[in-house]
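Before anything else, here's the structure in question.
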Amino acid sequence: MNNSLSLVPLVPMELVAVLAAVGLFLIGVALLRGGRGWWFRAFVLAVLVAALVNPQAVREEHQRQRDIAVIAVDRSVSQEVGDRRAQTDAALASVRKQLSGFDDLDLRIIEVAGDQEGNAGNADKDSGTRLFSALARETAEIPRRRFAGAVLITDGQIHDVPEVQKNKTQPGPVHVLLTGQPDESDRRLVIEQAPGYGIVGQAVTIRYRVEDRLGRKAGFATDRLAEVRLRYEENQEMVAKIPVGHSGTFKFKLDHAGPTVAELNVDAAPGELSSVNNRALVKINGVRDRLRVLLVSGQPHAGERTWRNLLKSDPSVDLVHFTILRPPEKDDFTPLRELALIAFPTQELFEIKLGEFDLIVFDRYVVRDVLPPSYMQNIVEFVQGGGALLLAVGPEFASIRSLYQTPLGKIMPAPPTGNILQGGFRPRLTGIGRRHPVTAGLPGSGTKDPSWGRWFRQIDAAAKSGKVLMRGINDKPLLLLERKGKGRVAELLSDQIWLWARGFEGGGPQAELLRRLAHWLMKEPDLDEESLKAEIRGGQLTVQRRSLQSDPVVVTVTLPSGETRTLDLEDGTNGAARAVMEAPWPGLYRVSDGTLTALATKGALNPLEFQDLRASADKVRAVVKASGGGVHWIAKGIPDFRRSRPGRDSHGDGWAGLRANQSYVVSGLVQVPLLPGILFMILVLAGLMAAWHREGR
């Protein structure tokens, strides 16, 4: 309750002032002339002015408001280190219990995980722990005069600490309860320089450094050696030993286009806090300069343009195409300008520049001694060294002029029997073909019988190795794939695919099939038949295991904190088994089935959370001090919480204070006039009668 005085004029104050001035003037005139009742007239004037001003006594009814305190809990991934989670839970329970004992205080609790600003659209952006942003959003809804203060339970690794502004009063104290231990040591692997892109087949360089951060007062260690390992692709590893604090480099070649994730690991240091930041990731996108393809057509035929059109339609392919029309024995002394065709540059292509090609295609090639056996052996070595070979054969493959009779025969998956099968048939996918990414899910493949147009010729061959993806007449092999050494070989035992390109009987997926086939031969990762992939989107980790076998698959997922979980994959269509799990933490997720390993990252590859895992108040000390709060280590005990008056200290040794604002709202208002009407009339009449009496004497 509060009493006060207020004026409620009956007329505008300007009019009251004018009337009062006129009355005073007349009283002054009466005084100058010696009027005996002037002071009675002055009394009446004062009563009239007071009546017009209408003074009133105001009595307010107050309702006390409860103050509000905010507890902000850091649930970022760095809080999973050691026993920080247990410390956080224990501190939260203790603070909640203490503050709930105050009758005039309400609590609001917010929990903040890492990267709260939502960077799903930019995976490379990492905003770290945004604890103060969350606190600002929460306190924006609290009236300033009701804010008692905030309690932050964190390890101090906060990445949105505001700058302290001079001459700006704080709405309430901010206290920090630190998890962890005061003097922690940690080892960290730092990527100093890494390319975002690289040319396939060329070396890329990664520069790195190992830091041993000792206790806060001890600084950095520089008298140790650290063993660093680089892993990339499958089973590719490099090892180096470097002095701690010094830079080192790794160089390796990119084997394929698309992303290559390289993982660097360093051994744990004695007594370090956690090894979670002893690894770092580098993602390098491999870009092919241009895919160089050599297409050799042994003779003109109806399907020759199909291969040429496919390869020429791809802007990333540099195609060299030759059709052999004149064998060497027909070479003569006719001037070149008079020839329609030129001699085949065999030595330049198959000896000097063979290694510059990515893929060699023999399209209905007939052995006519154009390429000697030594050149065929060069092609065999080209494939075994990592090149690709595609054989699209016709009737010549079943004759004595077959390519199988050359050194290429030892890398072919299916030798010819010498028979040519005639008759209409529709190519059908095998069981493996329905699971292999080259042929799985081809448009029109159907569950049993395909809806493609027919072919009419097939070369009979006996599959001795490789994978049969398609069959034709009498279930004979039609399309086979095989890996040879570091390279790959494909064999298409028919020259009738051009019928699909012409739309015969509705055509077929020749463009998609040939595109996949060419990209599989050139080692496109998305077309590997045995692969494990992991991807994070919308906070969920999607794992896909592609295999030619339909056995149940169980994978192990290693979370950024080091915790492991098992995940059962459900086998679906097209040879891919999938499963989805929640991925709440930013950082690296490692997925392994015991043979293959896949990596996926949420947020940045190397999160801010892992740059320094040691608990510290260095980042928040200035803000806490400016607000009047204090810093307390949970390991040394939870402070006692008190209510402190505005302007008094809000923290001390072993205690923390929350401001008691004593705010209120006005719930009622009573106004009582100080000059009631009856009293006004009595005073005015008494004054007038007294003036008349005095003046009448």
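So VAL151 ticks every box in (1) modelled with pLDDT of 90 or more; (2) more than 31 Å from the chain's Cα centre (by Cα) but one. Which box is left unticked?
(2)
Using the structure shown, decide if GLY409 is touching a residue at least 60 places away in the same chain (Cβ under 8 Å), farther than 18 Å from LYS476 by Cα and surrounded by fewer than 17 Cβ atoms within 10 Å (Cβ to Cβ).
The answer is no for GLY409.
For residues in segment 138-185 being assigned to a helix (DSSP H, G or I) and touching a residue at least 40 places away in the same chain (Cβ under 8 Å), which is surrounded by the fewest Cβ atoms within 10 Å (Cβ to Cβ)?
ARG145
Further, regarding this structure: Is one or more of the residues making up segment 213-224 at pLDDT 85 or above and either farther than 30 Å from ARG645 by Cβ or crowded, with 16+ Cβ neighbours inside 10 Å (or both)?
So far as segment 213-224 goes, no, none of its residues is at pLDDT 85 or above and either farther than 30 Å from ARG645 by Cβ or crowded, with 16+ Cβ neighbours inside 10 Å (or both).
Quick test for you: out of THR406, THR439, THR417, pick the one residue that is farther than 30 Å from LEU371 by Cα and among the polar types (S, T, N, Q).
THR439
Would you please name the residue that is modelled with the lowest pLDDT, looking only at residues in segment 33-76 that are closer than 30 Å to ALA150 by Cβ, outside any strand (DSSP E or B) and among the charged types (D, E, K, R)?
If we take residues in segment 33-76 being closer than 30 Å to ALA150 by Cβ, outside any strand (DSSP E or B) and among the charged types (D, E, K, R), then ARG66 is modelled with the lowest pLDDT.
Return the residue satisfying two criteria in turn: it lies in segment 238-249 and is in a strand (DSSP E or B) and of a type outside the set (A, V, I, L, M), and of such residues it is surrounded by the fewest Cβ atoms within 10 Å (Cβ to Cβ).
Ranking the candidates gives LYS241 first.
If ASP551 satisfies every condition in (1) charged (D, E, K, R); (2) surrounded by 19 or more Cβ atoms within 10 Å (Cβ to Cβ); (3) not in a strand (DSSP E or B) but one, which is the exception?
Of the numbered conditions (1) charged (D, E, K, R); (2) surrounded by 19 or more Cβ atoms within 10 Å (Cβ to Cβ); (3) not in a strand (DSSP E or B), the odd one out for ASP551 is (2).
Here is a further query. Can LEU391 be described as within 16 Å of LYS464 (Cβ to Cβ), over 48 Å from the mean Cα position of the chain (by Cα) and of a type outside the set (D, E, K, R)?
Considered against the rule, which asks whether it is within 16 Å of LYS464 (Cβ to Cβ), over 48 Å from the mean Cα position of the chain (by Cα) and of a type outside the set (D, E, K, R), LEU391 comes out as no.
Sticking with this structure for a sec: Determine which member of the set ASP83, ASP89, ASP103, ASP67 is over 27 Å from SER274 (Cα atoms) and out of contact with any helix residue (DSSP H, G or I) (no Cβ under 6 Å at 6 or more places or on another chain).
Exactly one of ASP83, ASP89, ASP103, ASP67 is over 27 Å from SER274 (Cα atoms) and out of contact with any helix residue (DSSP H, G or I) (no Cβ under 6 Å at 6 or more places or on another chain), namely ASP103.
Separate question: For segment 272-350, give me every one of the strands (runs of 3 or more DSSP E) that falls completely inside it and has 2 or more residues that are of a type in the set (Val, Ile, Thr) and modelled with pLDDT under 80.
Correct list: 317-323.
Anything in segment 292-308 that is in contact (Cβ under 8 Å) with a residue 40 or more places away in the chain and surrounded by fewer than 20 Cβ atoms within 10 Å (Cβ to Cβ)? List them, or say none.
Residues satisfying the conditions are ARG292, GLN299, HIS301, ALA302, ARG305.
Find the residue count for segment 77-108, including only residues that are assigned to a helix (DSSP H, G or I) and in contact (Cβ under 8 Å) with a residue 24 or more places away in the chain.
15
In addition: Please go through segment 250-270 and pick out each residue that is outside any loop (DSSP other than H, G, I, E, B) and surrounded by 13 or more Cβ atoms within 10 Å (Cβ to Cβ).
Selection gives PHE250, PHE252, LYS253, GLY258, THR260, VAL261, ALA262, GLU263, LEU264, ASN265, VAL266.
Still on this structure: If I go through segment 384-406 residue by residue, how many of them are surrounded by fewer than 18 Cβ atoms within 10 Å (Cβ to Cβ) and part of a loop (DSSP other than H, G, I, E, B)?
5
Now for a different question. For segment 554-569: of the residues being in a strand (DSSP E or B) and aliphatic (A, V, I, L, M), which is farthest from VAL81 (Cα to Cα)?
So, considering only residues that are in a strand (DSSP E or B) and aliphatic (A, V, I, L, M), the one farthest from VAL81 (Cα to Cα) is LEU569.
Now for a separate question. Name the single residue, out of those in segment 358-399 being free of Cβ contacts under 8 Å to residues at least 40 places away in the same chain and of a type outside the set (A, V, I, L, M, F, W, C), that is farthest from ARG488 (Cα to Cα).
This residue is SER399.
The values are calculated or read from the model by the stated rules, or taken from the named source; none is laboratory data. Worth saying up front: this structure is predicted, and the values here are computed from it rather than measured. Every residue, glycine among them, receives a Cβ derived from its backbone with ideal geometry; neighbour counts consider all protein chains shown.
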